[in-house]
Amino acid sequence: MFRPDLHSHTRLSDGALSPTALVNRAAERGVTHLAITDHDCMDALDEAREAAASLDLVMIPGTEISTCWRSGQTDREIHIVGLLQDQHDAGLDALLRHHQHLRRERVAELARQLRGKGIDGVQQYVDTLDCISAGRNHVADFLIQQGHASSKQDAFKRFLGRQGRLNTPAPWCDMATAIDAIRSAGGIAILAHPDRYRLGKRQLRGLMDEFADVGGSGLEVSYSNLNPDVLRYLAEQADSRGLWASVGSDFHTPETTWMDLGRLRQLPADCEPRAVWHHPDWPSLNAA
Ligand code: AMP
Ligand code: MN
Ligand code: MN
Ligand code: MN
């Protein structure tokens, strides 16, 4: 049975598993096409392809780029998933390496602010991780381990989220820059988890308008724990805007059972023809 999961993370960003462990878990759970979409990073792909070679699993090149969207008076962090792009494209690689650098600076800044609040050791903790794209999720893990937060939700609510006590700079490129880099590398740019930005309906429409205007070509329509009404709405939005529809669990760790690999609602039948697996570039992968 065809079962794609086109959004997942390894420990090279903020996931819990190595690329090999992720691929094995995906195959065990019946996933047939897997994209690893580490934050601002494609480095898991080589190891994942090697692990997938002996399994009934096709690797789809992927990444999830953090971008900054100016909406009214505030900046929003919007995630753009790239699929099918060339991992060796020089322009895309330069953008990803730059974002990895910004991520290290961001963690250093968060560590500095936490030190000011009497919480020491964040930088040392992150330095011990086998990770290329450090982020707030790692800082949240540290805060939980040290008893300063009771859960991820709590850590984001009290410290790391938009209303949290820390000021978290988000110096990412804008959406157009990320979309251009993905397209120039031969990929398709997908707006990740559109209903997770806590935007009003009008703002969300504005985001999707701008995303499509600057060359974005797909929406994530089905993802973990998605309300069926929202899925229906996103399927309609993809259809009316001529965008591709993608699906992905956004798996980070086996502990979050409701986001496990392949655990997704199918696209509505009338949306299926828009699915990214019908994209003209998709089959060439099988020949590679
Ligand atoms: P960063 O990459 O540093 O911008 O951190 C964003 C990541 O943190 C997301 O990809 C999620 O994995 C995680 N995250 C963001 N908000 C929350 C939240 N409220 N609860 C748990 N995890 C979150
Ligand atoms: Mn994440
Ligand atoms: Mn995301
Ligand atoms: Mn993600």
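Quick one: how many Å² of Val247 are accessible to a 1.4 Å probe, rounded to 10?
Probe radius 1.4 Å; accessible area of Val247 about 10 Å².
Among DSSP beta bridges lying fully in the chain, give the percent that are antiparallel, nearest 5. List each step's numbers first, then the result.
Values: 14 of 29 bridges.
Antiparallel bridges: around 50 percent, rounded to the nearest 5.
Give me the log10 of I(q) over I(0) for the chain at q = 0.07, 0.14 Å⁻¹, as the Debye formula computes it from C-alpha points; what are the numbers?
-0.24, -1.03
Treating only the Cβ of Lys, Arg, Asp and Glu as charged (+1, +1, -1, -1), what charge dipole size does the chain show about its Cα centre? Round to the nearest 20 debye.
Details: 31 positive and 39 negative charges, 246 e Å.
Roughly 1180 debye for the chain.
Quick check: pseudo-label points 7 Å beyond the Cα along Cα→Cβ at Arg29 and Arg165, how many nm apart are they?
3.4 nm
Mind jotting down the three principal axis lengths of the range 188-272 based on Cα atoms? Whole angstrom, largest first.
38, 27, 25
For a quick check: with amide H placed at 1.01 Å from N, whose amide H comes under 5 Å from Asp174's, ignoring anything fewer than 5 positions away on the same chain?
Cys68
Which whole-number value in Å³ per residue fits the convex hull of the alpha carbons of the range 96-184? Mind dumping the intermediate values first?
Working: hull volume 9.2 nm³, N = 89.
With only Cα atoms used, the range 96-184 gives 103 Å³ per residue.
Residues with beta-carbon under 14 Å from that of Leu114, excluding Leu114: net charge, scoring Lys, Arg +1 and Asp, Glu -1? Mind showing how you got there, number by number?
Details: positive: Arg106, Arg112, Arg115, Lys117, Arg136, Arg158, Arg165; negative: Glu109, Asp120, Asp141.
Net local charge, Leu114 excluded: +4.
If you roll a 1.4 Å probe over the chain with all protein chains in place, what percent of the accessible area is carbon or sulfur?
Details: 6000 of 12980 Å².
Summing carbon and sulfur atoms, their accessible area is 46 percent of the total for the chain.
Could you work out the relative contact order of the range 207-288, using alpha carbon pairs under 8 angstrom and six or more residues apart, expressed as a whole percent? Numbers along the way, then the final one.
Working: 96 pairs, mean separation 25.2, N = 82.
Rounded, it is 31 percent for the range 207-288.
Let's test the formula: R0 of 41 Å, r as the Cβ-Cβ distance of Arg241 and Arg104. What FRET efficiency results, to the nearest 0.05?
Details: r = 36 Å, r/R0 = 0.88.
Rounded to the nearest 0.05, the efficiency is 0.70.
Label points 7 Å out from Cα along the Cβ direction at Asp213 and Asn227: separation in nm?
My value for the distance between the label points is 2.7 nm.
Cα centroids of the range 223-237 and the range 125-153: how far apart, whole angstrom?
After rounding, the separation between the Cα centres reads 30 Å.
Return one whole number: the accessible area per residue of the chain in Å², for a 1.4 Å probe. Walk me through the numbers before you get to the answer.
Details: 12980 Å² over 288 residues.
On a per-residue basis, 45 Å².
The values are calculated or read from the model by the stated rules, or taken from the named source; none is laboratory data. Since this is a predicted model, take the numbers as computed values, not measurements. Positions of Cβ are generated from backbone atoms using ideal geometry, with glycine treated the same way; all protein chains shown enter the neighbour counts. For accessibility, only protein heavy atoms count, side chains too; no ligands or nucleic acids. Shrake-Rupley method; radii C 1.70, N 1.55, O 1.52, S 1.80 Å.
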